[in-house]
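I have placed the structure first, in the form of structure tokens, so that the comments after it can refer back to it.
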Amino acid sequence: MPNTGRRYHDISLVLVDDEAAFRDTLAKRLEKREIKVHPVACAKQALEILAREPVDVVISDVRMPEMSGHELLARILENHPDKEVILLTGHGDLRDGVEGIRAGAFDYITKPVEIDHIESKVRQAAAAVRRRKERQVEGELRKQLEERALQAEKLATVGTLATGVAHEINNPLAIINEAAGWIGQVMARPSMRDLPENASLTRASEIIQTAVDRARRITHQLLGMVRKESEAPTICDMPGYLMELASLCRSIHPENEVAIHVEEDTPFTLITDPHKLRQILVNLVENAIQATPKGGCVTLSSQLTDTGKVTIQVQDTGPGIPESVKKRIFDPFFTTKPQGKGTGLGLYLCRDLSHHLGGELEVSSRPGEGACFTLTLPRALPNGTPP
């Protein structure tokens, strides 16, 4: 058969036969035809190679000691379903070949073999493997595109409603908050301290104000999805900026028994939108605090990399993030928090804002070892002056 022009080792196969002379001769002839061959004497060795090497096709003799070709075929179909198997049978054992095809083999070839014929079958089998992989990749890509389209549709719907509805909700929220605050002030007067219902009314006022704050945060998040105002790029001195942010987060959660620590690395300047950066980091720190048990620690750090990028990390000592959750953690409306405790928009917005700053937000975590969110940014925005 003429040379196909394919690059060497584009096809890799395992050749299993207990006859050393036949095995070695066939392997050499296939190697000359630009096919990588792993010649082995038994099924056990074949399975060991399949476990560690990228192989497309397996050629196996049917009649072998310890484990037959049919048994090997069954093992491959179970543990390596992406491979194709071609069986070698004796001239008078056609039934073995037919049974192999019924069991899932790609084809069978009778001995003595013709090199052109066996090369043709190997290339056909390898092409089938490639087509299957391509279909799998296409299917995964199609699924991702469908999921993105569904997310975009959801976000478009929310965006349409958010601008009008959020403003309308904020107005009565302000009135409710003011009335609840007034009730609290009245209950604090000396003349009201002996009122039997004083404690319950004071507590009710606090509950109302807490609920109002949560509702206001939700409307701000919804508006953040469609409102992309930017501040002029400003110089942020690191790690001083992080120290101010840590102080702000401590004041937001004074009752929380989680330490917020800032690592004091080599100082440098970052030119970016300080409002968007603050939105990202406050959200990440609040999430880290919620994930960290009492007595734990949230650590902020910043570093100027060798490539001129800036990395800012928020590390917690919480329980970590399972792999199944980590894959979806930046999806809009995805949350693991109890009902009423989260909207599933916070981390989505953080990543969206990081893209607006020309950066990327990633997470690394292992169960039981906490989580680390890494924000990577250019040292200066395109419309800022490089330091």
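The values are calculated or read from the model by the stated rules, or taken from the named source; none is laboratory data. If you're wondering where the values come from, they're calculated on a predicted model, not measured in any experiment. Cβ placement follows ideal geometry from the backbone for every residue including glycine, while neighbour counts extend to all protein chains displayed.
Some points to look at:
- Cβ-Cβ contacts under 8 Å between residues 6 or more apart (or on different chains), taken from a first residue in the stretch 352-363 that is in a loop (DSSP other than H, G, I, E, B) to a second residue that is crowded, with 20+ Cβ neighbours inside 10 Å and not aliphatic (A, V, I, L, M), are listed as 357/272; 357/273; 357/276.
- Near pairs, Cβ below 8 angstrom, 6+ apart or cross-chain, from the stretch 137-157 (in a helix (DSSP H, G or I)) to any residue that is at pLDDT 75 or above: 151/331
- Residue within the stretch 69-82 that is closer than 16 Å to residue 118 by Cβ and part of a helix (DSSP H, G or I) present: yes
- Within the stretch 82-100, tally of residues that are surrounded by fewer than 13 Cβ atoms within 10 Å (Cβ to Cβ) and aliphatic (A, V, I, L, M): 1
- Failed condition for residue 113, given (1) of a type outside the set (Asp, Glu); (2) closer than 20 Å to residue 75 by Cβ; (3) over 46 Å from the mean Cα position of the chain (by Cα): (2)
- Set 103, 125: member being assigned by TED's automatic domain parsing to the domain that holds residue 15 and surrounded by 12 or more Cβ atoms within 10 Å (Cβ to Cβ): 103
For (1) in a loop (DSSP other than H, G, I, E, B); (2) of a type in the set (Lys, Arg), each residue gets a yes or a no:
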site	(1), (2)
49	no, no
65	yes, no
102	no, yes
122	no, no
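- Residue 54 being over 15 Å from residue 118 (Cβ atoms), surrounded by fewer than 19 Cβ atoms within 10 Å (Cβ to Cβ), within 41 Å of the chain's Cα centre (by Cα) and in contact (Cβ under 8 Å) with a residue 40 or more places away in the chain: yes
- Residues in the stretch 249-280 that are at pLDDT below 85, assigned to a loop (DSSP other than H, G, I, E, B) and either under 23 Å from residue 329 (Cβ atoms) or not assigned by TED's automatic domain parsing to the domain that holds residue 317 (or both): 2 in all.
- Test result for residue 246, assigned to a helix (DSSP H, G or I) and at pLDDT 85 or above: yes
- Within the stretch 281-320, being within 18 Å of residue 348 (Cβ to Cβ) and modelled with pLDDT under 90 holds for 282, 283, 286, 287, 290, 291.
- Test: residue in the stretch 185-207 that is loosely packed, with under 12 Cβ neighbours inside 10 Å, at pLDDT 65 or above and under 20 Å from residue 286 (Cβ atoms): no
- Test: residue in the stretch 282-300 that is more than 23 Å from the chain's Cα centre (by Cα), within 19 Å of residue 353 (Cβ to Cβ), acidic (Asp, Glu) and surrounded by 16 or more Cβ atoms within 10 Å (Cβ to Cβ): no
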